[in-house]
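These notes concern the structure reproduced below.
No lab work stands behind these numbers, since they all come straight from the coordinates. Here the structure is a predicted model, which is why all the values come from computation and not from measurement. So basically every Cβ, Gly included, is an ideal-geometry build from the backbone, and we count neighbours across all protein chains shown.
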């Protein structure tokens, strides 16, 4: 895992430098901007997207931090709220993989029960 982490951070840096990740963040913000705290919700959704692709907390937090911190500071978000939002969203990476396995196992179990 320690060998893969720099590669995921490199992937995130490439996405950030090319503008792809920023456009993704803007698209998510378009969906959530009318909600109270929409920028924070959009940041967590972006964390979910990156956490699903990497599963590594540090890589997700680094990439989303590069994207979200300047935007959230521009909108005068509290610094502790920015840090908490990014850390909470980045922590969803390991949970996603655990729940995906549980859902697949449960779906397979229901099919086996229904077949009897």
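List of remarks:
- Residue among 16, 61 that is over 14 Å from residue 91 (Cβ atoms), touching a helix residue (DSSP H, G or I) at 6+ places or on another chain (Cβ under 7 Å) and in contact (Cβ under 8 Å) with a residue 24 or more places away in the chain: 16
- Checked against (1) closer than 26 Å to residue 78 by Cα; (2) touching a residue at least 40 places away in the same chain (Cβ under 8 Å); (3) touching a helix residue (DSSP H, G or I) at 6+ places or on another chain (Cβ under 7 Å), residue 28 passes all but condition (2).
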